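Here's the structure, in structure tokens; my notes come after.
The values are calculated or read from the model by the stated rules, or taken from the named source; none is laboratory data. This structure is a prediction, so every number in the text was calculated from the model and none was measured. Note: ideal-geometry Cβ built from the backbone for every residue, glycine included; neighbour counts use all protein chains shown.
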Ligand SMILES: C[S@@+](CC[C@H](N)C(=O)[O-])C[C@H]1O[C@@H](n2cnc3c(N)ncnc32)[C@H](O)[C@@H]1O
């Protein structure tokens, strides 16, 4: 047992991620993970604790504050999570107290305690668990926590693939922790990025575990692409905003030799996948990738075309904030007269928001599920 927490996790902010009254920067899984780790030995040795998938800093700052972790190592896929942790660490006196590293040996070697916020996708968990089993200390204890409503038995199975012993903890405040021990020396080696050929699009798709839709082609994306390609592209520059595996960037680049596409996403796994997808389709030189929150580092007015399949759900709370944030980003990126092409579920009626935030908007295609709108950036 270490010291009682001094840091009030409820005081953390999500900024620059979307903030709203029903969205929180910490949850009961963060608190249960920290309290479960409190009983473990050896946490205060430098560099022995790794925090994985920390949403906004609760795990990292909680490990520093409550557990007395020293120089913990941190892996976060989302740029918004990285920035929120940095801002919260600055506010609460922990700037530079942790090391941010990519998923791999530098993050995990010598680590004997892992606290993991369980990701939504089993593929992302698979990629993380494989890395921990491969690189962490042989006596590593993995505490993987989540909100019960987002947990599935499949998560236990993924952990059992890589660890000899997996136990399920008691529920508390609608959260639960799975504990995994004894990394398997004979664990199958996970192959990431995964790849799949889509003959109908003549397209290879490469995807790391954390990427939206994996190696498949989302049906909204397919409808968007069909609509854009039927219209034909005349632009010389385009942004694939929220690029995921980079399907849009690769298809656009293949359709027009002179086109340069910037593929950008807040997920590091996504931008890595987008570059792999571009290379696999022979358009690596036409595509640049940028890991960024809402393309904030790209110059204003710098592109003629933005293509977007916006996120629909945000942290399970159905909240339009994430889509609206990307509409505003598109408005900023577009040169006057430039076009934003967006696909969305028919019932969402985003046209009024697009009109207000970007410029004159017309719905150019509809099918039973989706609408595709074109918004022209007003001068
Ligand atoms: C519905 S997916 C579409 C992915 C890809 N364009 C496709 O069509 O398969 C939305 C994407 O937006 C990204 N995203 C969400 N919020 C973002 C933000 N603030 N900045 C950058 N990307 C964001 C997500 O990570 C996700 O990859």
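Of the numbered criteria (1) touching a residue at least 40 places away in the same chain (Cβ under 8 Å); (2) in contact with a helix residue (DSSP H, G or I) (Cβ under 6 Å, 6 or more places away or on another chain); (3) buried (at least 21 other Cβ atoms within 10 Å of the Cβ), the one residue 338 fails is (2).
There is no residue in the range 171-194 that is within 12 Å of the ligand (Cβ to nearest atom), at positive phi and either in a loop (DSSP other than H, G, I, E, B) or surrounded by fewer than 16 Cβ atoms within 10 Å (Cβ to Cβ) (or both).
Suppose the filter is farther than 24 Å from residue 272 by Cα and touching a helix residue (DSSP H, G or I) at 6+ places or on another chain (Cβ under 8 Å); does residue 45 pass it? Criteria not met by residue 45. For a quick check of your reading: which strands (runs of 3 or more DSSP E) sit entirely within the range 254-370 and have at least 1 residues that are touching a strand residue (DSSP E or B) at 6+ places or on another chain (Cβ under 8 Å), within 14 Å of the ligand (Cβ to nearest atom) and over 30 Å from residue 194 (Cβ atoms)? Result: 334-345. Listed by first and then second residue, the pairs with beta-carbon distance under 6 Å, at least 6 apart or on different chains, first residue in the range 295-307 and within 16 Å of residue 235 (Cβ to Cβ), second assigned to a loop (DSSP other than H, G, I, E, B) and away from the ligand (no atom under 16 Å from the Cβ), are 304/235; 305/235.
Kindly indicate whether any position in the range 152-162 is part of a loop (DSSP other than H, G, I, E, B), assigned by TED's automatic domain parsing to the domain that holds residue 37 and under 26 Å from the mean Cα position of the chain (by Cα). Checked against the condition, which is being part of a loop (DSSP other than H, G, I, E, B), assigned by TED's automatic domain parsing to the domain that holds residue 37 and under 26 Å from the mean Cα position of the chain (by Cα), the range 152-162 yields at least one hit. Take the conditions (1) over 15 Å from residue 51 (Cβ atoms); (2) surrounded by fewer than 18 Cβ atoms within 10 Å (Cβ to Cβ); (3) at pLDDT 95 or above; residue 120 misses just one of them, which is (3). Taking the criterion of being without any contact (Cβ under 8 Å) to a residue 60 or more places away in the chain, closer than 15 Å to residue 305 by Cα and in contact with a strand residue (DSSP E or B) (Cβ under 8 Å, 6 or more places away or on another chain), the residues of the range 210-253 that qualify are 243, 249, 250, 251, 252, 253. Among the residues of the range 31-38, not a single one is in contact with a helix residue (DSSP H, G or I) (Cβ under 6 Å, 6 or more places away or on another chain), assigned by TED's automatic domain parsing to the domain that holds residue 175 and closer than 30 Å to residue 242 by Cα.
Among the residues in the range 237-252, are any on the phi < 0 side of the Ramachandran plot, in the same structural domain as residue 287 (by TED's automatic domain parsing) and surrounded by fewer than 21 Cβ atoms within 10 Å (Cβ to Cβ)? Scanning the range 237-252, I find at least one residue that is on the phi < 0 side of the Ramachandran plot, in the same structural domain as residue 287 (by TED's automatic domain parsing) and surrounded by fewer than 21 Cβ atoms within 10 Å (Cβ to Cβ), so the answer is yes. Selection within the range 215-233: residues that are more than 12 Å from the ligand (Cβ to nearest atom) and modelled with pLDDT of 95 or more. The member of this set that is surrounded by the most Cβ atoms within 10 Å (Cβ to Cβ) is 227. Of all residues in the range 40-65, those that are part of a loop (DSSP other than H, G, I, E, B) have Cβ atoms under 8 Å from Cβ atoms of residues that are surrounded by fewer than 16 Cβ atoms within 10 Å (Cβ to Cβ) and modelled with pLDDT under 95, 6 or more apart or on another chain, in 48/42.
This table checks each residue for (1) within 16 Å of the ligand (Cβ to nearest atom); (2) in contact with a helix residue (DSSP H, G or I) (Cβ under 6 Å, 6 or more places away or on another chain); (3) not assigned by TED's automatic domain parsing to the domain that holds residue 51.
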| position | (1), (2), (3) |
| --- | --- |
| 79 | yes, no, no |
| 89 | no, no, no |
| 98 | no, yes, no |
| 111 | no, no, no |
| 123 | yes, no, no |
| 133 | no, yes, no |
| 137 | no, no, no |
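Evaluation of residue 298 against the conditions (1) within 20 Å of residue 231 (Cβ to Cβ); (2) touching a helix residue (DSSP H, G or I) at 6+ places or on another chain (Cβ under 7 Å) shows that the sole unmet condition is (1).
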